[in-house]
Amino acid sequence: AEEQSGFKITEAYVGIAGQHIRSDRQVCSKYRNSANDPITQEDVDSLINQMHEVPTQMGEEVLHILPQKYKVDGEDCIKNPVGISGKKLEGDFHIVFGQTAAANNLRRCVENNGIKVKNLILEPLASATAVLTNDDKELGVALVDIGGGTTDVAVFKNGHICNTAVIPLGGDIITSDIKEGCKILERQAESLKVQRGQAIVTPDIKNVAVTIPSSGGLKPKEISLVNLA
């Protein structure tokens with residue numbers, strides 16, 4: 001990237017994912033001194049600061065606090081309460097947690113290469129920024145990012161993220177399953193997956209087989225595409 005751009009990279013946002021990621025939804029509220037004074041950004045920030053104090057599991061840290069909606073004196077579904085007058089301010093938040101050890105290892109790896117970590121970003125959130133429009137997020141969409149070891153999911157509705165998940169299944173695991181199920185080498189399983197793999201049995205693959213050539217003392221092997229699917 002440095003060679004192509006001609007710029008020295010000194011800091012970066014770094015994506016984080018993995019099976020250790022989990023999310024939860026929390027609601028908190030704040031009573032203000034006067035119902036006549038408009039809500040300020042400081043009032044909103046105080047709710048977000050409360051979310052930093054939510055109980056975590058052992059060895060976890062809060063990665064993201066994502067506002068869903070606000071409520072002012074019972075009036076619901078407010079996107080931005082700043083400027084609205086009211087006594088009671090409530091916030092609905094989606095919170096993403098990650099293992100501190102995994103996050104620290106990732107930070108250390110990047111910083112050891114001379115790059116300052118500005119922040120860790122949940123990978124499906126970064127992917128959503130790259131590929132989704134505001135219209136997509138408003139209408140409702142599920143972003144599914146299939147990686148090597150995990151599949152990351154982010155669900156948006158009404159312009160806000162309403163769910164995140166990390167599923168422990170990815171392309172490398174599928175390759176491993178084919179390797180074990182067909183009793184072939186890993187590189188052969190990867191090639192078979194890429195060239196002939198499909199997840200649904202269709203009429204055109206019935207009675208069709210592929211031959212895996214001999215390698216490393218193994219004899220040639222015929223594999224049914226139906227069994228592969």
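The values are calculated or read from the model by the stated rules, or taken from the named source; none is laboratory data. Being a predicted model, the structure only gives us computed values, none of them experimental. Cβ coordinates were reconstructed from backbone atoms using ideal geometry, including for glycine residues, and neighbour counts include every protein chain displayed. With ligands, DNA and RNA removed, areas are computed over all heavy atoms of the protein, side chains included. Shrake-Rupley method; radii C 1.70, N 1.55, O 1.52, S 1.80 Å.
General observations
- Between 187, 107, the distinction of being in contact (Cβ under 8 Å) with a residue 40 or more places away in the chain and assigned to a helix (DSSP H, G or I) belongs to 107 only.
- Residue check for residue 154: touching a residue at least 24 places away in the same chain (Cβ under 8 Å), of a type outside the set (D, E, K, R) and over 30 Å from residue 8 (Cβ atoms): yes
- Residues being assigned to a strand (DSSP E or B), touching a residue at least 12 places away in the same chain (Cβ under 8 Å), more than 24 Å from residue 105 (Cα to Cα) and in contact with a strand residue (DSSP E or B) (Cβ under 9 Å, 6 or more places away or on another chain) are represented in the range 32-55 by at least one member.
- Matching residues in the range 181-208 - criterion: being in contact with a strand residue (DSSP E or B) (Cβ under 7 Å, 6 or more places away or on another chain) and either open to solvent by 50 Å² or more (accessible area, probe 1.4 Å) or not aliphatic (A, V, I, L, M) (or both): 182, 185, 188, 196
- Which listed residue is in contact (Cβ under 8 Å) with a residue 60 or more places away in the chain and either under 29 Å from residue 123 (Cα atoms) or surrounded by 15 or more Cβ atoms within 10 Å (Cβ to Cβ) (or both), from 62, 27: 27
- For the range 30-45, residues that are open to solvent by 70 Å² or more (accessible area, probe 1.4 Å) and of a type in the set (D, E, K, R) total 2.
- Residue in the range 115-133 that is touching a strand residue (DSSP E or B) at 6+ places or on another chain (Cβ under 9 Å), touching a residue at least 40 places away in the same chain (Cβ under 8 Å) and small (Gly, Ala, Ser) present: yes
- Residues in the range 209-223 that are outside any strand (DSSP E or B), open to solvent by 80 Å² or more (accessible area, probe 1.4 Å) and touching a Lys or Arg at 6+ places or on another chain (Cβ under 9 Å): 213 only.
- Restricting the range 78-118 to residues that are acidic (Asp, Glu) and under 25 Å from the mean Cα position of the chain (by Cα), the residue that is surrounded by the most Cβ atoms within 10 Å (Cβ to Cβ): 92
- Residue in the range 157-169 that is in a loop (DSSP other than H, G, I, E, B) and touching a strand residue (DSSP E or B) at 6+ places or on another chain (Cβ under 6 Å) present: yes
- Applying the criterion of being free of Cβ contacts under 8 Å to residues at least 40 places away in the same chain and in contact with a Ser or Thr (Cβ under 7 Å, 6 or more places away or on another chain) to the residues of the range 163-184, the residue that is nearest to residue 23 (Cα to Cα) is 167.
- Some residue of the range 161-180 being open to solvent by less than 80 Å² (accessible area, probe 1.4 Å), modelled with pLDDT of 90 or more and in contact with a Cys (Cβ under 6 Å, 6 or more places away or on another chain): no
- Residues considered: 70, 13. Of these, the only one that is surrounded by 17 or more Cβ atoms within 10 Å (Cβ to Cβ) and in a strand (DSSP E or B) is 70.
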